[in-house]
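Have a look at this one.
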Number of protein chains: 2
Amino acid sequence: MEKIKLSNIKYNKDGLVPVIVQDTDSLKILMLAYSNEEAVRLSIEKKLAHFWSRSRNELWLKGNTSGNYLKIVSILIDCDSDSLVYKVDLDGKKACHTGEESCFFKEINNE
Amino acid sequence: MEKIKLSNIKYNKDGLVPVIVQDTDSLKILMLAYSNEEAVRLSIEKKLAHFWSRSRNELWLKGNTSGNYLKIVSILIDCDSDSLVYKVDLDGKKACHTGEESCFFKEINNE
């Protein structure tokens, strides 16, 4: 897989990049969150998923209150360099604050 | 899986919601794009992935120029109702405009 540097990430006007979190083993999509440059850098350095909380307007180490830390296995970036995937080792944890494994547990059904 | 209506989607201030596209068979993440209300409604009605192009500022039927239409199998929504997953039937097609199957073919490596 082609390797590129952290400095290549293109952030939105608000300084954030959307991050898809995917379990490396099951390939389940766990959540979508946003990161700024510091959160991505810390995710690489500490090997734990960091984000920027848009609601609390602060750096967010996932698991810091719940204990559900997400171990970073690798970080992928898309062809336009403006979206990321954190591949994580879920390790039996729950990614969603509701207690579900994944935040995507509802389906749209407009009938 | 819990079912919820289209009208429950919470759009960002710009009227868009981020959409992760995932292949139903391989579970590979193919791309991240954005949809407005019309694009989501059309994706459900036509069973083909529609988005809102932020660069061209117009409704975008994926595959309309390339032929690489993405068939919608289901649409998931997250716990906060502000992110979607289009589960699609890739059917041997390439999701990325570069010719790669997935847009996520590069890895961040800051060493």
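Derivation of every value follows stated rules applied to the coordinates shown; laboratory data play no part. This structure is a prediction, so every number in the text was calculated from the model and none was measured. Neighbour counts are summed over all protein chains in view; Cβ atoms, including those assigned to glycine, are modelled from backbone coordinates with ideal geometry.
Any chance the range B:45-52 includes a residue that's within 12 Å of chain A (Cβ to nearest Cβ) and among the aromatic types (Phe, Trp, Tyr)? Give the derivation first.
Within the range B:45-52, the subset within 12 Å of chain A (Cβ to nearest Cβ) is B:45.
Checking the rest, the ones that are also among the aromatic types (Phe, Trp, Tyr) come to none.
Among the residues of the range B:45-52, not one is within 12 Å of chain A (Cβ to nearest Cβ) and among the aromatic types (Phe, Trp, Tyr), which makes the answer no.
Just to be sure, is A:ILE72 within 8 Å of another protein chain (Cβ to nearest Cβ) and surrounded by 17 or more Cβ atoms within 10 Å (Cβ to Cβ)? Don't jump to the end; show me each part of the working.
On the way: within 8 Å of another protein chain (Cβ to nearest Cβ): no; surrounded by 17 or more Cβ atoms within 10 Å (Cβ to Cβ): yes.
Judged against the criteria, A:ILE72 is not a match.
When you check B:SER83 against the structure, is it within 30 Å of A:LYS5 (Cβ to Cβ) and either surrounded by 15 or more Cβ atoms within 10 Å (Cβ to Cβ) or not hydroxyl-bearing (Ser, Thr, Tyr) (or both), yes or no?
Working: within 30 Å of A:LYS5 (Cβ to Cβ): yes; either surrounded by 15 or more Cβ atoms within 10 Å (Cβ to Cβ) or not hydroxyl-bearing (Ser, Thr, Tyr) (or both): yes.
Answer is yes for this residue.
Same structure, new question: Condition check: at the interface with chain B (Cβ under 8 Å from one of its Cβ atoms) and touching a Leu at 6+ places or on another chain (Cβ under 8 Å). Does A:LYS106 satisfy that? Even if it seems obvious, please write down each step before you answer.
Details: at the interface with chain B (Cβ under 8 Å from one of its Cβ atoms): yes; touching a Leu at 6+ places or on another chain (Cβ under 8 Å): yes.
Taking the combined requirement at face value, the residue satisfies it.
For the range B:9-28, which residues satisfy the criterion of being of a type in the set (Lys, Arg) and closer than 20 Å to B:LYS62 by Cα? Break it down stepwise before answering.
Step one: list which residues in the range B:9-28 are of a type in the set (Lys, Arg), which gives B:10, B:13, B:28.
Answer for the range B:9-28, where residues must be of a type in the set (Lys, Arg) and closer than 20 Å to B:LYS62 by Cα: just B:LYS28.
Further question on the same structure: Restricting to the range B:72-111, what's the tally of residues that are of a type in the set (Val, Ile, Thr) and under 15 Å from A:GLN22 (Cα atoms)? Even if it seems obvious, please write down each step before you answer.
Residues of the range B:72-111 that are of a type in the set (Val, Ile, Thr), as a first pass: B:72-73, B:75, B:77, B:85, B:88, B:98, B:108.
Narrowing further to those that are under 15 Å from A:GLN22 (Cα atoms): B:85.
Number of matching residues: 1.
Hey, could you check the range B:86-96 for residues that are buried (at least 16 other Cβ atoms within 10 Å of the Cβ) and touching a residue at least 60 places away in the same chain (Cβ under 8 Å) and say which is nearest to the chain's Cα centre (by Cα)?
Of everything passing the filter in the range B:86-96, B:TYR86 is nearest to the chain's Cα centre (by Cα).
If you don't mind, there's one more thing I want to ask. For A:SER66, indicate whether it is in contact (Cβ under 8 Å) with a residue 60 or more places away in the chain, farther than 20 Å from B:ILE108 by Cα and exposed (fewer than 14 other Cβ atoms within 10 Å of the Cβ). Walk me through how you get there before you give the answer.
Details: in contact (Cβ under 8 Å) with a residue 60 or more places away in the chain: no; farther than 20 Å from B:ILE108 by Cα: yes; exposed (fewer than 14 other Cβ atoms within 10 Å of the Cβ): yes.
Criteria not met by A:SER66.
Within the range B:93-108, track down each residue that is among the β-branched types (Val, Ile, Thr) and closer than 11 Å to A:CYS79 by Cα.
B:THR98
When you scan the range B:75-104, how many residues do you find that are in contact with a strand residue (DSSP E or B) (Cβ under 8 Å, 6 or more places away or on another chain) and more than 19 Å from B:LYS62 (Cα to Cα)? Steps first, answer last, please.
Start the filter on the range B:75-104 by keeping residues that are in contact with a strand residue (DSSP E or B) (Cβ under 8 Å, 6 or more places away or on another chain), which leaves B:75-79, B:81-91, B:95-96, B:101-104.
In the following step, the residues that additionally are more than 19 Å from B:LYS62 (Cα to Cα) were identified as B:77-79, B:81-82.
The qualifying residues number 5.
What are the residues in the range B:1-23 that are of a type in the set (Val, Ile, Thr), over 18 Å from A:LYS87 (Cα atoms) and more than 8 Å from chain A (Cβ to nearest Cβ), if any?
Hit for the range B:1-23 is B:VAL17, nothing else.
Out of the residues in the range B:16-62 that are without any contact (Cβ under 8 Å) to a residue 24 or more places away in the chain and of a type in the set (Asp, Glu), which is surrounded by the fewest Cβ atoms within 10 Å (Cβ to Cβ)?
Filtering first and then ranking leaves B:GLU58.
For the list (1) over 14 Å from the mean Cα position of the chain (by Cα); (2) crowded, with 18+ Cβ neighbours inside 10 Å, I need the number of the one condition that B:LYS3 fails.
All conditions are met except number (2).
Checking A:GLN22 against (1) part of a strand (DSSP E or B); (2) of a type in the set (S, T, N, Q); (3) at positive phi, only one condition comes out false. Which one?
Result: A:GLN22 passes all but (3).
Please go through the range A:62-92 and pick out each residue that is among the aliphatic types (A, V, I, L, M) and farther than 28 Å from B:VAL73 by Cα. Full working, then the answer.
The first filter runs over the range A:62-92 and keeps only residues among the aliphatic types (A, V, I, L, M), leaving A:70, A:72-73, A:75-77, A:84-85, A:88, A:90.
Once the filter is applied, which keeps residues that are among the aliphatic types (A, V, I, L, M) and farther than 28 Å from B:VAL73 by Cα, the range A:62-92 yields A:LEU70, A:ILE72, A:VAL73.
Something else: Could you please find all residues in the range B:48-74 being among the small types (Gly, Ala, Ser) and in a loop (DSSP other than H, G, I, E, B)? Outline the logic, then answer.
Going residue by residue through the range B:48-74, those that are among the small types (Gly, Ala, Ser) are B:49, B:53, B:55, B:63, B:66-67, B:74.
Passing the criteria: B:ALA49, B:SER55, B:GLY63, B:SER66, B:GLY67.
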